[in-house]
Amino acid sequence: MNGIIHPCTHPEDKPAPKNEDEMMVAIFECIDRLFGIVRPRKLLYMAIDGVAPRAKMNQQRSRRFRAAKETTEKRLEVARIREELLSRGCKLPPEKEKGDHFDSNCITPGTPFMDRLSKCLHYFVHDRLNNNPAWKGIKVILSDANVPGEGEHKIMDYIRKQRAQPDHDPNTQHVLCGADADLIMLGLATHEPNFTIIREEFLPNKPRPCDICNGFGHEMDKCVGLGATAPTSANFKPDVPIGAEVKFIFVRLSVLREYLKQTLEMPNLPFEYSFERALDDWVFMCFFVGNDFLPHLPSLEIREGAVDRLVELYKKCVYKTKGYLTDSGDVNLDRVQLIMTDLGNAEDQIFKSRQRREEQFKARDKARKRQERNQDHGSLNQSAFGASAVGPNSQQKSVGNYKEEAAALRNRKRTSDMANLDDEDEEENNDEVRLWEDGFKDRYYESKFDVAPGNQQFRYAVALQYVRGLCWVLKYYYQGCASWNWYFPYHYAPFASDFVNIQGLSTMFEKGTKPFNPLEQLMGVFPAASSSHVPEPWAKLMSDPESPIIDFYPEDFKIDLNGRMALLPFVDEKRLFKALVPYYDQLTGEEVKRNKRGDNYLYISNQSPHYKKVKKVSEKDDESVCKAISFDGMRGTLGSTELNTAISGILKSPISGLSDINDNITVTTTFKDPEYDDDYIFEAKRLENAVDPPQVLPNEQSGNKHRPVIGFNSHLTRAYVPDSGHRMLNAGIRNQQGGGGGGGYGQGGGYGQGGGGNQGQGYQNNSRNYNYNYNNNYNQHQGGGYQNNYNNRQQQYGHNQRFNQDNSNQQQRNFNNYNGPRNNNYQQQGGSRQQNQNYRRF
């Protein structure tokens, strides 16, 4: 849900909602759209991030401090630019009231905003179950911010525990919404064959409104006010239409599994190969490259092929040790040691190669800037912003080059003093660590950890904590949270070569730990700038110079430029709780309620066949009495709640402008997942009778090569050659090689056989991602039909016209572009394109 809440409350590509009511409506509309795309048949699970484990809270703390600092800096910059523009007589929209500013940090468990969001979603679910026919037969679970755990991990806990039940359907279809990369790893870790992630389509260069005038096509430092056109806005034409509806894409993990089967294949192993075990090891190795709980190793960068390097080392390790790295969330450190040793041996070369590439890039960049510096500034006056010749060609050129001209203008503005270019580069590139030079370890630990050179014991301690972190993350993904209070106590990772003698390290964690309460968590992750969201008595502890925990809330702090991470002191939870003790009795009743851990809520309407079972539980007076249930592929425990609205009762709308719900037909209960013993192990395996969806990648028998879509836009059309281009090609080939049966590169000057395009030199046309070779791929039959075996498909095109020399040119062109006569027949059979009843395309 947080992936929906954030863009709906503070969008980056359009003006923000005016108030909280508009935010709530935007969230409702987004859920409706996703519901319409996915069309769930059994369950909708809406999980909001609750209090996270300490390992995650450190990252949240860093993000919120950085966001508060950037917001303050941006506000000052906006005020400065507004003052400058007003002094020049520019027209500007009214300045926003201070109270109108939306602090995105309020999207954190325990705040009044999240409490209101929970109430609004409670109303929304009732409204849809009461009034929308598409919702009538499904169950809805709402896990709000008072339920501990990250949203995606609450959903994973549900799937994991339902999957362990004996009557679980192994072919259940799962669709998880979110843009975080860890969702892919979580989905793979379930070993479910039908797991799909739906996320917003990533589009680079999305237009964003100016923070000064709300216009598009320029940054705020280029703003010239209302009614005027900024230089960079003159020919502005966004790649994505302004205000365009967000598109969603499906990431089908079954296809990724097919790729990984090919990548992780290890023939001639001295033991039986298991792809599912190798898949778990691949997920584990990806943690080295970066995750939400640990910094990535200095020698591993995704863009440098770090995952491929780890896979190569992994295969050698498996052959050598005759076993896998992981087993259902447990790590074999003996085998991990081998990979770390091999990676450590290559670290020196990795750093030198990285530096060489960076120097080459900087040299090219410096040459480009120097060329711009030496360019004649008069060329700017000849651009689209100045005078230009009148005529069709000049207009086409102006429109076609607007991006380059705008980019050139931006570069000239940003580098106004190009004479100091070389000096500035030297200052920026002052890297005191210099990983590519001898002695980099001593410099790294001295710079990043403030530790004296040669302190081997400290390096070993950091490496051991990192290994424990890897074990904690793997358990988190496969078994649930192993410890709520463990965290990696450093900002930076060790080197791979520092992983020495890790074999005997204990991978056990303290049992019985509990998460923070919501308000306590706010004190652990919020900066003083967001103190308005915490209880007033507690807020003083964040700003009072005499506060015993004032050091937790620095106003000025360093930011790591590589990881964009705020380098903050770690919160000592014992000191924090001790400082809060005198203020607990000053909390209001509403604040006390917000500070309690909550329950999941199950909603079901009287249109469901299971309505009567749930209704009986909802009517119980004693909320402590729970009832175990099992229906429709779901097991758990239900209990009554004060949130339940009586049947035929009225539920008041919490949002102005939205009507109350009259004559209610929906019941609400609490819901708890099935319980398991603390030492229970959820096996990471593929369930029996699980059926894979139709294969997408071609197999060896098909003899075809898969051609993945490359680039950001999957809808880009192939290059198109107009008729004039074909005529030019035809004439050129005729002049060089002769006609041969009608001339050109086809019969009668067409696109078929003969001429310069004889059978040995068939004309190839890449159209619509297909590679057609008309002389090799197609067999012509008397009936005028064509048969083509491509990716296990049979395509038959029956033409209602004879294919002869007179019409071959036009007919073949229609065939290439799928624009043939309307009564042409198209048949699609079997193979990788076969659609089953559960597959839908949007």
Worksheet item: With respect to Ile339, is the statement that it is closer than 20 Å to Leu464 by Cα, in a helix (DSSP H, G or I) and of a type in the set (Val, Ile, Thr) true?
Response: yes
Practice prompt. Evaluate segment 124-135: report whether one residue or more is more than 30 Å from Asn664 (Cβ to Cβ), outside any loop (DSSP other than H, G, I, E, B) and within 30 Å of the chain's Cα centre (by Cα).
Written response: no
Discussion item. Checking the condition among the β-branched types (Val, Ile, Thr), over 15 Å from Ile604 (Cβ atoms) and touching a residue at least 12 places away in the same chain (Cβ under 8 Å), which residue from Val140, Val125, Val147 passes?
Written reply: Val147
Worksheet item: List, please: which pairs have Cβ atoms under 9 Å, are six or more places apart or on different chains, and start with a residue in segment 264-279 that is acidic (Asp, Glu) and end with one that is surrounded by 12 or more Cβ atoms within 10 Å (Cβ to Cβ) and assigned to a loop (DSSP other than H, G, I, E, B)?
Response: Glu265/Tyr273; Glu276/His191; Glu276/Ala684; Glu276/Lys685; Glu276/Arg686
Item to complete: Go through (1) farther than 30 Å from Asp679 by Cβ; (2) surrounded by 18 or more Cβ atoms within 10 Å (Cβ to Cβ); (3) among the β-branched types (Val, Ile, Thr) one by one and return the number of the condition Val467 breaks.
Response: (1)
Practice prompt. Collect the residues in segment 89-147 that are over 19 Å from Asn595 (Cα atoms), aromatic (Phe, Trp, Tyr) and at pLDDT 95 or above, keeping them in residue-number order.
Written response: Tyr123, Phe124, Trp135
Response to the item:
Flagged in segment 175-229 as surrounded by 18 or more Cβ atoms within 10 Å (Cβ to Cβ) and small (Gly, Ala, Ser), in numbering order, are Gly178, Gly187, Ala189, Gly215, Gly217, Gly225
Worksheet item: What residue, among those in segment 652-681 that are touching a Ser or Thr at 6+ places or on another chain (Cβ under 7 Å) and either of a type in the set (D, E, K, R) or not in a strand (DSSP E or B) (or both), is nearest to Asp599 (Cα to Cα)?
Response: Lys672
Worksheet item: Is there a residue being within 29 Å of the chain's Cα centre (by Cα) and assigned by TED's automatic domain parsing to the domain that holds Phe287 anywhere in segment 316-323?
Response: no
Worksheet item: From the list Leu587, Leu576, which one is touching a Gly at 6+ places or on another chain (Cβ under 7 Å), in contact (Cβ under 8 Å) with a residue 40 or more places away in the chain and within 30 Å of Arg63 (Cα to Cα)?
Response: Leu576
Worksheet item: Of (1) in contact (Cβ under 8 Å) with a residue 60 or more places away in the chain; (2) surrounded by 18 or more Cβ atoms within 10 Å (Cβ to Cβ); (3) over 25 Å from Pro518 (Cβ atoms); (4) not small (Gly, Ala, Ser), His168 satisfies all except one. Which?
Response: (2)
Fill in: Residue count for segment 481-504, restricted to those that are in a loop (DSSP other than H, G, I, E, B) and surrounded by 17 or more Cβ atoms within 10 Å (Cβ to Cβ)
15
Worksheet item: Consider Val571 against the criteria (1) in a helix (DSSP H, G or I); (2) aliphatic (A, V, I, L, M); (3) modelled with pLDDT of 95 or more: it satisfies all of them except one. Which criterion is unmet?
Response: (1)
Item to complete: Specify the residue that is farthest from the chain's Cα centre (by Cα); the eligible residues are those in segment 164-213 that are of a type in the set (Val, Ile, Thr) and assigned to a loop (DSSP other than H, G, I, E, B).
Response: Ile212
Practice prompt. From (1) assigned to a loop (DSSP other than H, G, I, E, B); (2) closer than 30 Å to Pro515 by Cβ; (3) of a type in the set (Lys, Arg), pick out the condition that doesn't hold for Lys18.
Written response: (2)
Worksheet entry | Selection status of Lys14, over 23 Å from the mean Cα position of the chain (by Cα) and among the basic types (Lys, Arg) | no
Worksheet entry | Index of the failed condition, Leu505 passing every other in (1) in the same structural domain as Arg354 (by TED's automatic domain parsing); (2) over 29 Å from the mean Cα position of the chain (by Cα) | (1)
Worksheet item: Which ones in segment 444-470 are assigned to a helix (DSSP H, G or I), over 32 Å from the mean Cα position of the chain (by Cα) and of a type outside the set (A, V, I, L, M, F, W, C)?
Response: Tyr445, Glu446, Ser447, Gln456, Gln457, Arg459, Tyr460
Practice prompt. Could you tell me whether any residue of segment 291-307 is part of a helix (DSSP H, G or I), within 24 Å of the chain's Cα centre (by Cα) and buried (at least 21 other Cβ atoms within 10 Å of the Cβ)?
Written response: yes
Worksheet item: If we scan segment 80-88, do we find a residue that is crowded, with 20+ Cβ neighbours inside 10 Å, under 33 Å from the mean Cα position of the chain (by Cα) and at pLDDT below 95?
Response: no
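Could you check, for segment 558-565, whether at least one of its residues is of a type in the set (S, T, N, Q) and surrounded by fewer than 20 Cβ atoms within 10 Å (Cβ to Cβ)?
Taking segment 558-565 first, the residues of a type in the set (S, T, N, Q) are 562.
From what's left, surrounded by fewer than 20 Cβ atoms within 10 Å (Cβ to Cβ): 562.
There is at least one residue in segment 558-565 that is of a type in the set (S, T, N, Q) and surrounded by fewer than 20 Cβ atoms within 10 Å (Cβ to Cβ).
The values are calculated or read from the model by the stated rules, or taken from the named source; none is laboratory data. These numbers were taken from a predicted model, which means no experiment stands behind them. Here the Cβ is made from the backbone with ideal geometry for all residues, glycine too, and neighbour counts use every protein chain on show.
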